[in-house]
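The values are calculated or read from the model by the stated rules, or taken from the named source; none is laboratory data. Small disclaimer: the values here were computed from a predicted structure and weren't measured. When we count neighbours, we look across all protein chains shown, and the Cβ atoms used for this are built from the backbone with ideal geometry, even at glycine.
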Amino acid sequence: MFENATTLQFGPGTFDEGLHILRSHLSPILRGWPGLLGLALIPSRTDYRITILSMWESAAHARAIEAQADYRQVVSMLDPLLVSEPLYPVKEPTARGNAKKVVSLN
């Protein structure tokens, strides 16, 4: 299994729009994507950050989505709303056995 965490830093005036884009555009793209085991958005209104946690069958599955035009379009929608570069604190393979497929976007 491969886990990925990405934290996006928005400004006070762009947080809600960014959260809407993630929920209404990213979620449909990722739901049903081959290899996705789990997905969660963790928004923090106090510091205008949204962390996206995803779990994949393999690193190859996680990287494959980045080449898709729909995914790149969502990224281009988010770019002007961010006040800093995204943070990528976790990208690692894990050995957790068989996980059920879970998609939860708050």
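Could you grab me the full set of residues in the stretch 53-64 that are surrounded by fewer than 19 Cβ atoms within 10 Å (Cβ to Cβ) and either modelled with pLDDT of 95 or more or not hydroxyl-bearing (Ser, Thr, Tyr) (or both)?
53, 57, 59, 60, 61, 63, 64
For the stretch 29-46, does any single residue satisfy the condition of being touching a residue at least 12 places away in the same chain (Cβ under 8 Å) and part of a helix (DSSP H, G or I)? Yes; the residues of the stretch 29-46 include at least one that is touching a residue at least 12 places away in the same chain (Cβ under 8 Å) and part of a helix (DSSP H, G or I). The set of residues in the stretch 1-28 being in contact with a Pro (Cβ under 6 Å, 6 or more places away or on another chain) and outside any strand (DSSP E or B) consists of 19 alone. Residues in the stretch 4-28 that are without any contact (Cβ under 8 Å) to a residue 24 or more places away in the chain and farther than 20 Å from residue 70 by Cβ: 13, 16.
Looking across the stretch 51-85, the residues that are in contact with a strand residue (DSSP E or B) (Cβ under 9 Å, 6 or more places away or on another chain) and assigned to a loop (DSSP other than H, G, I, E, B) come down to 57, 58, 83, 84, 85. The set of residues from the stretch 28-46 being touching a strand residue (DSSP E or B) at 6+ places or on another chain (Cβ under 8 Å) and surrounded by fewer than 16 Cβ atoms within 10 Å (Cβ to Cβ) comprises 31, 40, 42, 44.
Restricting attention to the stretch 36-64, the residues that are among the small types (Gly, Ala, Ser) and closer than 18 Å to residue 7 by Cα total 5.
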